[in-house]
Amino acid sequence: MLSDFDQAGPVKFVDLFCGIGGFRFAVEKVAKARGITASCVFSSDIDGACQDAYEANFGERPSGDIKNVESHLVPDHDLLLAGFPCQPFSIIGQKRGFDDTRGTLFFDIARILEVKRPKAFVLENVKMLVGHDGGRTIRRIMETLRGLGYHAEFKVLNALDFGLPQKRERVWIVGSRTESSIQWPSGGISMKPLSEVLEKDVPQKYYASEHIREKRRNRLKSFTTPSIWHENKAGNISAYPYSCALRAGASYNYLLVDGKRRLTPREMLRLQGFPDTFKIVCSDSQTRKQAGNSLPVNVAEVVLESLFEQQEWGEEIHKGVFRGPVQLTVLEGKGNYHGKRAEAQNRREA
Ligand SMILES: C[S@@+](CC[C@H](N)C(=O)[O-])C[C@H]1O[C@@H](n2cnc3c(N)ncnc32)[C@H](O)[C@@H]1O
């Protein structure tokens, strides 16, 4: 038997470093598509504005600093979700195992896994984690997770391959107490066109000054519309029919739609796959930071879907009729990134 999960009850999950709830949107949608519910039993984020946004959208105010939460006080759960901050991982030393991660926020995840022993977890972080310190940091993290009794694996996935018009590569670490591996989603899902992400009547305050617009125009002669112009550190401009990765602390003019205006908070949330039902309750600058810090919801969905399938969570799978409504939703976009077709759908229907 893969899992002792009670099919009648909800999948209980904890949402650590929850931000504005990207993981929560994804897990609730995946569970619903499989005919079950996912119930959040604990959430935590240290940032007051994130707490405000999360409370407005989910009706619960997350706890604060996870370092102050004793592991045994975290409620029992089946699934631990954590998009933990990309700290300077150099803090992880040369010794092996759990204690060596002390002082990092990953340690707080590990200590909760050790005490609460959920059936599975999904962690998300920047791609850079994989190459950090010649691969030693990710090895230490994986050793720690395996030392805690989990079958753990990781993969870098790009949001652009999963229906979102944003190039955002992130590492996803999935673990469970079962021996089998998950079937990682293969991508190839058509990109939602930018035209469906961009708002129509954008207030003047989002437009860059004529000086900045002219400077950009002088450095880029040909481009398609709509496109998002990206200025790199060297001052070079590129324009794509998708966005480069949103960043929390980026300069205001780092990404400009058609070289003219900044993205609105709603557009940034859409680029991360948040539904338009998401209530924006914070200032523009806070929402920009939150969207930049968040995760691509579409990618979280397909990763979680693979995990649910492996864990046999959800009744439809047993009847052999589950065809992943979550996948079908992202396939609704008519865009086609680099000519790729929806292989993921074909894989499911094969
Ligand atoms: C990369 S973001 C994760 C965002 C989230 N996945 C989302 O969908 O919005 C990391 C989050 O960790 C929070 N954080 C940082 N240190 C923390 C701590 N000590 N305790 C709890 N949350 C913390 C930050 O405020 C930030 O919102």
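Values in this text are rule-based calculations from the coordinates and carry no lab data. Please read all numbers here as calculations on a predicted model, not as lab measurements. Note that each Cβ is placed from the backbone with ideal geometry, even for glycine, and that neighbours are counted across all protein chains shown.
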- Once the stretch 200-263 is represented by equal point scatterers at the alpha-carbon sites, with solvent omitted, what log10 I(q)/I(0) does the Debye formula produce at q = 0.14, 0.28 Å⁻¹? -0.36, -1.45
- Count neighbours as other Cβ atoms within 10 Å of each site's Cβ, and list the GluC sites (Glu not before Pro) in the stretch 44-78 that are DSSP loop with at most 14 such neighbours. 70
- Once you have all Cα-Cα distances for the stretch 107-206, histogram them in 10 Å bins from zero and send the whole-percent values. 14, 34, 27, 15, 9, 1
- Query: Taking other Cβ within 10 Å of each residue's Cβ, how do 202, 156 sort, fewest first?
  - Reply: 156, 202
- Task: May I ask you to sort 191, 128 by Cβ crowding, counting other Cβ atoms within 10 Å and putting the fewest first?
- Result: 128, 191
- First select every other residue whose beta carbon is under 12 angstrom from the beta carbon of residue 76; then total the charges, Lys and Arg +1, Asp and Glu -1. +3
- Item | For residue 254, net neighbour charge (Lys/Arg +1, Asp/Glu -1) across residues whose Cβ lies under 12 Å away | +4
- Compute the signed sum of charges (Lys and Arg +1, Asp and Glu -1) over the other residues within less than 15 Å, Cβ to Cβ, of residue 51. -3
- Fewest-first ordering of 170, 177 by Cβ atoms within 10 Å yields 177, 170
- Peptides 287-293, 242-248: what's the order by average Cβ count within 10 Å, highest mean first? 287-293, 242-248
- In the stretch 125-230, which GluC sites (Glu not before Pro) are in a loop and have at most 16 other Cβ atoms within 10 Å, using DSSP for the loop call? 179, 199
- Query: Could you state the per residue volume, in Å³, of the convex hull enclosing the Cα atoms of the stretch 160-302?
  - Reply: 137
